[in-house]
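Step one of this worksheet: look at the structure below.
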């Protein structure tokens, strides 16, 4: 199969450009296979990131033909344009994940460990403890591909006080973890109020268990700006909820 691949190449300190590669590849290849072929046979200066092998790692997330996705799961097309996610760049398709994580860490409140986890469970009724455990497990199925951050208009507007969808997911992870003290309503409301409720983060999330969908559902219980997510025909739609009604 003949393919034409246009890949963004550049760094934050240089003017980036698209470089075109034409090649013959098996029609069953994924985009990650194409990147590997380009690196080994055409251009060893190409930078991309992946850590596949055992499980989905999320490291190869990028934008392919204007759709954010995982390169290891995206089937090749006759013509493709590949660029990095709309996040701080290191080089070519490689984003600065550390910078994103550091920004989230600066904003989120510190979780407090519970002195006696057994007492904590005894204080909960059975339904609550089971729900928290199930929620905590589902929320941790996120593999931190950063697609949600790159699709969030509020985060991309350079709002330094907003941790982005991934930060809100971490927030709900902390709050649902039975081994940690629940966060204050003030902290939860302050961060949840920044969400504009567009739903792009959940819609493009590649995780099978849809942890962002759950995180948005949990946020709707906080009155500063509640949001709710609904799954219809495999698609997530998010709406603000007026709890004053």
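When the alpha carbon gyration tensor of the range 38-87 is reduced to an equivalent ellipsoid, its three semi-axes come out at 16, 16, 12 angstrom, largest first.
Okay, which of the range 64-95 sit inside 17 Å, backbone N to the point 7 Å along the Cα-Cβ direction of residue 39? 70-74, 82-85, 90-95, by backbone N distance to the label point.
With a point put 7 Å past each Cα toward its Cβ, work out how far residue 154 is from residue 28 in nm, to one decimal. In this crude label model, residue 154 to residue 28 measures out at 4.5 nm. Note that the range 2-94 shows a convex hull volume over its alpha carbon atoms of 94 Å³ per residue.
If packing is taken as the mean number of other Cβ atoms within 10 Å per residue, what is the order of 192-202, 18-28, 63-73, highest first? Mind showing how you got there, number by number?
Values: 192-202: 20.4, 18-28: 11.8, 63-73: 17.1.
Result, highest mean Cβ count within 10 Å first: 192-202, 63-73, 18-28.
In terms of surrounding Cβ atoms within a 10 Å radius of their Cβ, 48, 39 rank from fewest to most as 39, 48. Among 80, 146, a tally of other beta-carbon atoms within 10 Å of each Cβ gives an order, fewest to most, of 80, 146.
Modelled this way, with points 7 Å down the Cα-to-C-beta line, the labels at residue 189 and residue 73 are 3.7 nm from one another.
Taking label points 7 Å from Cα along the Cα-to-Cβ direction, residue 65 and residue 110 give a separation of 4.9 nm.
Every number in this text was worked out from the coordinates using simple rules, so none of it is lab data. What you see is a predicted model, and the numbers here were worked out from it, not measured in a lab. Neighbour counts are summed over all protein chains in view; Cβ atoms, including those assigned to glycine, are modelled from backbone coordinates with ideal geometry.
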